[in-house]
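To start, the structure itself, in structure tokens.
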Amino acid sequence: MTNNPELDVLVIGTGAGGAPLLARLAAAGLRVLALEAGVRHRPAEMPTDEVAQAGLFWMDERLSAGKDPVGFGRNNSGRGVGGSTLHYTAYTPRAQPDDFELLKEFGQGVDWPLSYADLEPYYDEVEQFLGVSGPSEYPWGPPRQRPYPHPALPLNGAALLMEQAAQQSGIRTSAAANAALSRPQEQEGYGLRPACSNRGFCQAGCSTGAKASLDVTYLALAEARGATIWEGAQVTKLLMKGGRVSGAEFVRGGKTQTLHARQVVLAAGAIETPRLLLLSGVGNSSEQVGRNFMAHVGVQVWGLVDDDLRPYKGIPGGLISEDFHRIPGLVGGYLLQSLGVMPVTYATQYARGTGKWGAALSEHLSQYNHVAGINVLGECLPYAGNFLELSSELDERGLPKPLIHFSFGENEHRMAKHAETVMRDLWAKIGAREVWALPRAAHTIGTARMGHDPSSNVVDAFGRSHDTPGLWICDNSTFPSSLSVNPGLTQMALSLRTADALIAELKA
Ligand SMILES: Cc1cc2nc3c(=O)[nH]c(=O)nc-3n(C[C@H](O)[C@H](O)[C@H](O)COP(=O)(O)OP(=O)(O)OC[C@H]3O[C@@H](n4cnc5c(N)ncnc54)[C@H](O)[C@@H]3O)c2cc1C
Ligand code: SF4
């Protein structure tokens, strides 16, 4: 396949950005191949062991700077056929229409070069295909054209307590949309996916196929329609020919190889995508590659209760409230979500967040079965000081490691404080014995922004590079703003939209 002149599209990365697009292109009869740095993690082979599942995460060192340095590693992004969806919680809320127009509404941040109406048909298509389970009535956002394909999933212990506390506080909650099945569903290319058995292992890899990670959904479809996926193939450079991106150099099985294609889609996530662009010196006439890095305000508040909650049990992504989508005096807002958590993840977060260690940490962890958590995802504005650059430290391949500078601005600090107060009040309402907050930033977003103006954006509204023919970008790096919702569903919708534009261009 090396230097194969017949490949129509080469896709780099198979996560939420790469996978739906790969399936769409293959279904259109195009010759497509994806290079994925990670390996396949087949559901049936996923051990029921949180520690053994560290291989689902991107563990190569990423350097962190700034006043609020981002914690990478297990809290960050995935590596494998399916990308970060192998370990995502599968919360799948849609963004609201005003999420795409922060600048218009507040005079801060930027507007997206597309609207909710542009994405709505794609949202609907992704929800139906993945088999999202969700409520029949959702209190926020515009009315839906079609109901969720499956009824909502049952709530875990933390979600039931949060629901009770919110009722007492007059905060509306709803069962969340979650891309795990509440009923079995046949999936083209994979077979029958069973209903969720509530084992709670979503963030350590679903061993049954009930969770819609992309390996059991869009990638299975892609392969059934003729796409090829090469696992264990880490791209190290984009190749240029005649002023256009013509392929990629990658390392597979210890050997450096090249592949060429008519078009190349970079879908390696919001850290590796700008890193590859900077390493290759491609697509950066705007000097915006690596700029505008964002991470959601993600403070968690935990309560200690008498009930035997078993936080590892049940679907971790269960209950949501978007009542704080707008907060007077702040730009944007946040959502509240209930948590489920595995013990090692919890212990790591607790030690990091509180600085407790040794006997104090052990004593706290002996109460693990009685802790319940709520999380927020809050808007993060783009700031000039938050960016990714190549550091002078080299990785094992001799390539510069990425260095990410990140500090919350005043809006993020005020939002985190607001959210912490709300969540502390909630746990106080149900008489939690002890309440503590873990400050956090979540998700990696921005760094190759989409927008109409080529002088201040890297790609256009469809992910097409403004300055380099043959190059498309399709992952969380293109988000102009963080949105106050989980990014996965929006990313998959964008992926189908980019695929349609790419098909139109190739077939023109
Ligand atoms: C713990 C956790 C829980 C989450 N829960 C949710 C949730 O409930 N709902 C939600 O919507 N979102 C959730 N997310 C976020 C969501 O998973 C991401 O927003 C989404 O997957 C990002 O898509 P992406 O295409 O940008 O990157 P990814 O999905 O990370 O895919 C990038 C892929 O590119 C590959 N790659 C990278 N570099 C190279 C290279 N050089 N060569 C070849 N391949 C490469 C990677 O191995 C990876 O497979 C969660 C994230 C985390 C960390
Ligand atoms: S709780 Fe359901 S979706 Fe999550 S890992 Fe278990 S079976 Fe899969």
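Computed from the coordinates by the stated procedures, all read-outs in this text should not be read as laboratory data. Keep in mind that what you see is a predicted model, and the values were worked out from it rather than measured. Here the Cβ positions follow ideal geometry from the backbone for every residue, glycine too, while neighbour counts run over all protein chains shown.
In what sequence, highest mean first, do 455-462, 350-357 appear when ranked by Cβ atoms within 10 angstrom? Don't jump to the answer; show the numbers that get you there.
Working: 455-462: 20.6, 350-357: 14.5.
Packing proxy ranking, top to bottom: 455-462, 350-357.
Compute the helix-to-body angle for 157-169: its Cα long axis versus the longest principal axis of the chain, expressed 0 to 90° and rounded to tens.
70 degrees
Using the alpha carbons of the range 209-333, what is the convex hull volume per residue in cubic angstrom, as a whole number?
Working: hull volume 28.4 nm³, N = 125.
Output value, Cα hull per residue: 227 Å³.
How much length would be gained if the chain were fully extended between S407 and D453, taking 0.36 nm per residue of separation minus their Cα-Cα distance, in nm to one decimal? Please report the intermediate quantities before stating the final value.
On the way: separation 46, 0.36 × 46 = 16.56 nm, distance 2.63 nm.
Stretched fully, the S407-D453 segment lengthens by 13.9 nm.
Tell me, what HN-Hα J-couplings in whole Hz come from the Karplus equation 6.51 cos²θ - 1.76 cosθ + 1.60 at θ = phi - 60° for each residue of the range 347-359, using x for Gly and Pro?
Per-residue couplings from phi come out as 4, 5, 5, 5, 5, 5, x, 10, x, 6, 8, x, 4 Hz.
Can you compute the FRET efficiency between E105 and R244 using 1/(1 + (r/R0)^6), with r the Cβ-Cβ distance and R0 = 51 Å? Round to the nearest 0.05.
On the way: r = 38 Å, r/R0 = 0.75.
Step by step, r from the Cβ atoms, then E = 0.85.
Compare the peptides 37-45, 412-420 by average per-residue count of other Cβ atoms within 10 angstrom and give them in order, highest first. All intermediate terms of the calculation are to be shown ahead of the outcome.
Numbers: 37-45: 16.0, 412-420: 20.7.
So the peptides 37-45, 412-420, ranked by packing, come out 412-420, 37-45.
Once both labels are modelled 7 Å past Cα along the beta-carbon direction, what's the E120-E231 spacing in nm?
Inter-label distance under the simple model: 4.0 nm.
What's the ranking of 326-339, 282-295, 164-177 by average number of surrounding C-beta atoms within 10 Å, highest first?
On the way: 326-339: 20.9, 282-295: 22.4, 164-177: 17.6.
In descending order of packing, they fall as 282-295, 326-339, 164-177.
Can I get the semi-axes of the chain's equivalent ellipsoid? Compute them from the C-alpha gyration tensor as square roots of 5 times the eigenvalues, in angstrom, largest first. Show your work: numbers first, answer last.
Working: eigenvalues 241, 118, 105 Å².
Gyration-tensor ellipsoid for the chain: 35, 24, 23 Å.
Tell me whether the range 197-236 comes out rounded, prolate or oblate; compute the Cα gyration tensor, take square roots of the eigenvalues as a ≥ b ≥ c, and use a/c under 1.5 as the rounded threshold.
Numbers: a/c = 4.12, a/b = 1.62, b/c = 2.54.
Oblate, since a/c reaches 1.5 and b/c is not below a/b.
How far apart, in nm, are the 7 Å Cα→Cβ label points at R252 and R199?
Rounded to a tenth, the inter-label distance reads 3.1 nm.
Please compute the length gained on full extension between L365 and A428, using 0.36 nm multiplied by the number of residues separating them and subtracting their Cα-Cα distance.
Between L365 and A428, full extension yields 20.6 nm more.
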